[in-house]
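Please treat every number below as a calculation from the coordinates, not as lab data. Here the structure is a predicted model, which means the values were calculated and not measured. Cβ sites come from the backbone with ideal geometry, for glycine too, and all protein chains shown count toward neighbours.
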Amino acid sequence: MTAQELVSHLAEWRRCGLHLLIVHTEDEPALRQALGSSQDDSWWSWSVVQGLERQGDHLGAHLTQDPTTMLEKVHSLPEGLVVAYDLSAYWTDPIVVRLLREIAESSEPRLMMLVTPMDAVVPVSLERAGLELSLDLTPGAIGWPTTQAEEKWLALAPELATLIQTRFTTRTAGLEWIPEGPGFEELGGLPHFKAWAAQRKLAWDSSYGLPAPRGVLLFGMSGTGKSLSAKVLARFWGLPLVRLNVGQLFGRFIGQSEARWQQALAKAEDFAPCVLWVDEVEKVLAGREGSGVTDAGTTARALGHFLTWLEEHQSPVVVVATANDVEQLPMEFLRRGRFDELFFVDLPDEKARRQILEIHMKSAAIPVERDAWGWSPLMAATEDFSGAELKAIVTDARFLAAERGRAIGLDDFMDAAHAIIPLATTMAEVVAGRRNWAKGRARLA
């Protein structure tokens, strides 16, 4: 949503009985400009520097810089629009939160808009009382379940549905909305993982009465399609995909990290049913042994909460965790109850390599007739190549053909393949070690 689109809806929202609007943006000047060019002059603005000022009459009435006094003044206004720019800095003050809730629950035709940074974490009581939007939406964003307040506004004004359904989904620190990914037809190999996904899809058909999957751990070599598998799984099941961005969950202050973990996981449950993707989970759990010394146990407590949640949560949140080095993961993380299945994603065999090459050739509009490329020598030249390396071969072959001034041919693919030293060769001992660990411990994907 743009600033102009937001401003164009303000009068309509006031008529519908909306009293509290929380807007996340990093482009405050654009919002100020849109408000200044609007036809509605009956609005006030507040910042901690300028205080509360009436717009339109150009009197610049300086009333107050104190947020509590300002909110008391706003509470007495019979109507109009009030735009506050710095109030998120005072959300830890219970008096400020209480006054905002009273404004949100009032019956006066008055709308208060709180302009906050993109990463501002809204108190739960305000989140339930107001509507949150963003001026930096991803096009085509999926909708999430509405709050009780939003359901009330939808009943009053169905035209708000589109705006509510496209609200910014990362308003909770640590959660990132991932747009719809490709289908399984674009994932080469991994037949056992695909079969598991097809079987577990039955859980979403209520006629079977089956429990929702708890999750799956995919581990193996880098570049073998683990992250892509999370994306195609969500699309195959018809569920939204949310990534847990752990880097945003650890704060500087005592108790902040644990609170963010709890809030992110609770919000993921609000989004259910959904797929929660935790990428490179071994990095998430890194440092757990020494965290008691380096950060007073913050990491250990936060991750302990995560492990407990993995086992005990009852909501249909399916966790898809991916890892390269599974041996860095603690034993308690791998046991049944937290995941339905552990899959080892090995380097693709000949059949899978053929599928992967065809997928990337089709994507590049290169014909993939069965006998056009001499698949046998190409398969031999790409033994132990990962999916990422096979994709690189297609790209490099296209450049070679263009440089040579002719249509792409088998020799371009062969030259591209011979120029790449696969990771399986560079890290042969690591590959052998991970394959050996997976024997008898995990299913082959």
* Proximal lysines relative to residue 362, as straight alpha-carbon distance under 19 Å, when same-chain residues fewer than 8 apart are discounted -> 351, 391
* Projected label distance in nm at residue 364 and residue 212, using a 7 Å step from Cα toward the beta-carbon -> 4.1 nm
* Asked: Each residue of the range 346-359 in turn: what ³J(HN,Hα) in whole Hz from Karplus with 6.51, -1.76, 1.60 and θ = phi - 60°, glycine and Pro shown as x?
  -> 8, 4, x, 7, 4, 5, 5, 5, 4, 4, 5, 4, 5, 4
